[in-house]
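Right, one structure below, let's go through it.
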Amino acid sequence: MSEHDPVSKISGTGSSGAESAGAESAGAESSGAESAGRAARRLRWQIFAGLTALLVAITAIAVLANHFGSLPAADPNAKVAAGVVDQPASSTPECAALDAALPAEIATLTRREMAVNEPGVAAWGEPPVVMRCGLADPLELTCSSSLEVLNAVAWFALTDPDSRSTTFIAVDRAVRVALTVDNSQGVGPVQAFSNVLAKVLPERAVCNKGVLNPTVTP
């Protein structure tokens, strides 16, 4: 065929275009494969880095838990600092009679020595169960308050979420007697102390005609 044959020229041109397109396609595939490979490597690195960080965090938590878990427990023989609370009737004959009748143990808890010896204050066990006699009426106490009767004594409970303790206040005696108990100890100490309180101080009505009966004063 003549070199001036238009069919030959068209055929030659078409072959060159196909080869060029094929090369471009192969290059695109190669570039895509490289990009996919880089993405896979990045993903593997991110997973590795994440697992490493998680392992470090778990190790740190374990170290802290071991450290704090090994702290020495409170000394059950140490003197108890009960803190200052307003007890206007602590020097009354009623509180003096209760002080004289306090047992060496309540609910298997041994009586503790106080850092400061004051009338109407005592403690047992660890965490210490603290008794106070002669308190003023708490503001939360009303004639419609919910009470819990334990071993014939009516108690008004005040829970302190910050200290994880509950203060039970006997409200059917001539003086207010409080027992602060760690929540982990339940009401066992309150039940045991109720037996002592019921023997020393006679029961009386909490309210009269919708008004709290006044407590005795020194």
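Confirm whether Ser165 is under 17 Å from Ala122 (Cα atoms), within 22 Å of the chain's Cα centre (by Cα) and either hydroxyl-bearing (Ser, Thr, Tyr) or surrounded by 14 or more Cβ atoms within 10 Å (Cβ to Cβ) (or both).
Here the answer is yes, as Ser165 does meet what is asked.
Only one of (1) under 24 Å from the mean Cα position of the chain (by Cα); (2) at pLDDT 95 or above is not met by Asp160, so which one is it?
(2)
Any idea which of Ala192, Ala174, Ala170, Ala154 is touching a helix residue (DSSP H, G or I) at 6+ places or on another chain (Cβ under 9 Å), more than 18 Å from Val85 (Cβ to Cβ) and touching a residue at least 24 places away in the same chain (Cβ under 8 Å)?
After applying the criteria, what remains is Ala174.
Quick test for you: out of Pro138, Pro88, pick the one residue that is touching a Phe, Trp or Tyr at 6+ places or on another chain (Cβ under 9 Å), surrounded by fewer than 16 Cβ atoms within 10 Å (Cβ to Cβ) and not in a strand (DSSP E or B).
Every option except Pro138 fails the conditions.
Here is a check on your reading of the model: is Leu98 assigned to a loop (DSSP other than H, G, I, E, B), more than 24 Å from the chain's Cα centre (by Cα), at pLDDT 95 or above and surrounded by 13 or more Cβ atoms within 10 Å (Cβ to Cβ)?
No.
Only residues that are under 33 Å from the mean Cα position of the chain (by Cα) and assigned to a strand (DSSP E or B): list them for segment 175-218, please.
Arg176, Val177, Ala178, Leu179, Thr180, Val181, Asp182, listed by residue number.
With the requirement that a residue be β-branched (Val, Ile, Thr), within 30 Å of Val211 (Cα to Cα) and touching a residue at least 12 places away in the same chain (Cβ under 8 Å), what does segment 111-151 give you?
Passing the criteria: Val121, Val130, Thr142.
Kindly indicate whether Gly125 is modelled with pLDDT of 95 or more and surrounded by fewer than 17 Cβ atoms within 10 Å (Cβ to Cβ).
Here the answer is no, as Gly125 does not meet what is asked.
Could you please find all residues in segment 160-174 being among the β-branched types (Val, Ile, Thr) and not in a strand (DSSP E or B)?
Val171
Looking only at segment 102-123, which residues are farther than 15 Å from Ala192 by Cβ and outside any loop (DSSP other than H, G, I, E, B)?
Met114, Val121
The values are calculated or read from the model by the stated rules, or taken from the named source; none is laboratory data. Keep in mind the model is a prediction, meaning the values are calculated, not measured. All Cβ positions, glycine included, derive from the backbone under ideal geometry; neighbour counts span all protein chains shown.
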